[in-house]
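Novice: Take this structure first; my questions come after.
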Amino acid sequence: MPSWLFSLPALADFALLVLRLVVGLMFAMSGYFKLTKPERRQKMRDSLQQAGVPVGLTPVMSGLELVGGVLVVLGLLTTVGSLALLVVSLGALVTTGIPQAEGQGVHKLENVLYSPDAILAASLLVLLAVGSGGWSVDALLR
């Protein structure tokens, strides 16, 4: 069988760049807006409070989203940034994604897996496993 049926290695660096840009920008913008927009900060504070997490962590979590997102976008210390954002994503999945998912059994699972937090966590796991790719600051520093 032709090898291109299994993967397209020529697209690997481009695909990782696209993944880093989408995931990193989403987190960086989310963190920035939570730090600069009072209504976004309050919404996060409310979510943390409902989950039993100290609301004093609001600026810490927002800053982590911003810094981790920028690191992932640049492909600089991608493992560190991805790991930090994976913790944030898993926290959001456990505190809001799973409790708010509708349905029972497999239908609840379907809705959990359909949540942005699950998709982001999976994307960050890929970045942790394979790195930032050739089109990154990490690659320039090797």
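The values are calculated or read from the model by the stated rules, or taken from the named source; none is laboratory data. If you're wondering where the values come from, they're calculated on a predicted model, not measured in any experiment. Cβ coordinates were reconstructed from backbone atoms using ideal geometry, including for glycine residues, and neighbour counts include every protein chain displayed.
Novice: Name the pairs: first residue in the range 119-134 and under 13 Å from residue 72 (Cα atoms) and in contact (Cβ under 8 Å) with a residue 12 or more places away in the chain, second residue of a type in the set (A, V, I, L, M, F, W, C) and surrounded by 20 or more Cβ atoms within 10 Å (Cβ to Cβ), Cβ to Cβ under 6 Å, at least 6 apart or on different chains?
Specialist: Close Cβ pairs (under 6 Å, with a partner that is of a type in the set (A, V, I, L, M, F, W, C) and surrounded by 20 or more Cβ atoms within 10 Å (Cβ to Cβ)) amount to 123/23; 124/85; 133/16.
Novice: While we're on this one: Scanning for something of a type in the set (S, T, N, Q) and touching a residue at least 40 places away in the same chain (Cβ under 8 Å), does the range 6-21 turn up at least one residue?
Specialist: No, the conditions are met nowhere in the range 6-21.
Novice: Next up: What is the residue count in the range 116-142 for residues that are buried (at least 19 other Cβ atoms within 10 Å of the Cβ), under 15 Å from the mean Cα position of the chain (by Cα) and either assigned to a loop (DSSP other than H, G, I, E, B) or not charged (D, E, K, R) (or both)? Show your work before the answer.
Specialist: Kept after step one, since they are buried (at least 19 other Cβ atoms within 10 Å of the Cβ), are these residues of the range 116-142: 117-118, 120-121, 123-124, 127, 132-133, 136.
Filter once more, so that each one left must be under 15 Å from the mean Cα position of the chain (by Cα): 117-118, 120-121, 123-124, 127, 132.
If we keep only those that are either assigned to a loop (DSSP other than H, G, I, E, B) or not charged (D, E, K, R) (or both) as well, we get 118, 120-121, 123-124, 127, 132.
Number of matching residues: 7.
One line per residue, one yes/no per condition, for (1) over 27 Å from residue 131 (Cα atoms); (2) modelled with pLDDT of 95 or more; (3) in contact with a Lys or Arg (Cβ under 9 Å, 6 or more places away or on another chain); (4) assigned to a helix (DSSP H, G or I):
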site	(1), (2), (3), (4)
18	no, yes, no, yes
25	no, yes, no, yes
31	no, yes, no, yes
47	yes, no, no, yes
52	yes, no, no, no
65	no, yes, yes, yes
69	no, yes, no, yes
76	no, yes, no, no
